[in-house]
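Just below is one structure, and these are the notes that go with it.
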Amino acid sequence: MCAQPIPEAHQHLVDLTSRSLMCSCRACYLLFTDQHATLRYRAVPDRYLSFPDFHVDRTDWEQLQIPVGLVFVFRNSVQDRLVAFYPSPAGATESELPLDSWSSVVAANPQLDVLLPDVEALLLHRDERTDQFTCHLVPIDDCYELVGTMRQTWRGFDGGQEARAAMAAFFERVRSRSRPAAGTS
């Protein structure tokens, strides 16, 4: 934006109209931190939350019509709707959530209502071995980083060892950065 050199560790902005991410120097990032301002860009915060009391069962998951065990959900403010994406070898695959089904998940987990539009996502993951579900609030740029990692490392039908190791490392990093959301145990 301002032509300043951007260090390796830097923040991102979301272009609300194109849904693209933009690397930003600290000064430009700070210009777009007001979540209520009517601007084209919005700063991606560095907030990680866990929801230890999160509950969704297999029936709820099936009603959400998510065909895989990993999805990130965010509110698109321009379209005024909730959008779900799941990482795949082809990139981020969009899946529109049935609003009634999502509303029932939020009703059972009201702490999820802290999600900031456009810049944060709820990362939902089902552990196939235990059939347990976890939920974290993460910056949206982390979700797209996960998508890129899956595209780079995925091999064969099930992803292969490298993709599984990359996903395990990603979730370990999310867990280590997360703090319990307010109102959870």
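The values are calculated or read from the model by the stated rules, or taken from the named source; none is laboratory data. Remember, predicted model here, so these are calculated numbers, not experimental data. Cβ coordinates were reconstructed from backbone atoms using ideal geometry, including for glycine residues, and neighbour counts include every protein chain displayed. SASA here: full protein model, heavy atoms, side chains in, ligands and nucleic acids out. Shrake-Rupley method; radii C 1.70, N 1.55, O 1.52, S 1.80 Å.
A few remarks follow.
- Carbon and sulfur %, accessible surface of the chain computed with the full protein complex present, 1.4 Å: 52
- Dimensions (Å) - the stretch 121-185, Cα atoms, principal axes, largest first: 42, 28, 17
- DSSP-assigned coil residues among trypsin sites (Lys or Arg not before Pro) in the stretch 76-141, each with at most 13 further Cβ atoms within 10 Å: ARG129
- Contour minus Cα-Cα distance for PHE157 and GLU94 (0.36 nm per residue): 20.7 nm
- Each residue of the stretch 47-63 was assigned a 3J(HN,Hα) from its phi angle through the Karplus expression (A = 6.51, B = -1.76, C = 1.60, θ = phi - 60°), giving 10, 10, 10, 10, 10, x, 8, 4, 9, 8, 9, 4, 5, 4, 4, 5, 5 Hz with x at Gly and Pro.
- A 1.4 Å probe run over the protein chains yields, for the chain, 54 Å² of accessible area per residue, whole-number rounding.
- Here the chain carries DSSP beta bridges of which approximately 95% are antiparallel, counting only pairs with both residues inside.
- Solvent-accessible ranking of ILE6, ILE140, largest area first, probe 1.4 Å: ILE6, ILE140
- Spatial offset of the stretch 88-130 relative to the stretch 144-185 amounts to 15 Å, using the alpha carbon center of each.
- With the helix formula -39500 (n - 2.57) applied to DSSP H stretches of n ≥ 4, the chain reaches a computed 222 nm mean residue ellipticity of -9000 deg cm²/dmol.
- Chymotrypsin sites (Phe, Trp or Tyr not before Pro) restricted to DSSP loop in the stretch 103-185 with at most 13 other C-beta within 10 Å: PHE157
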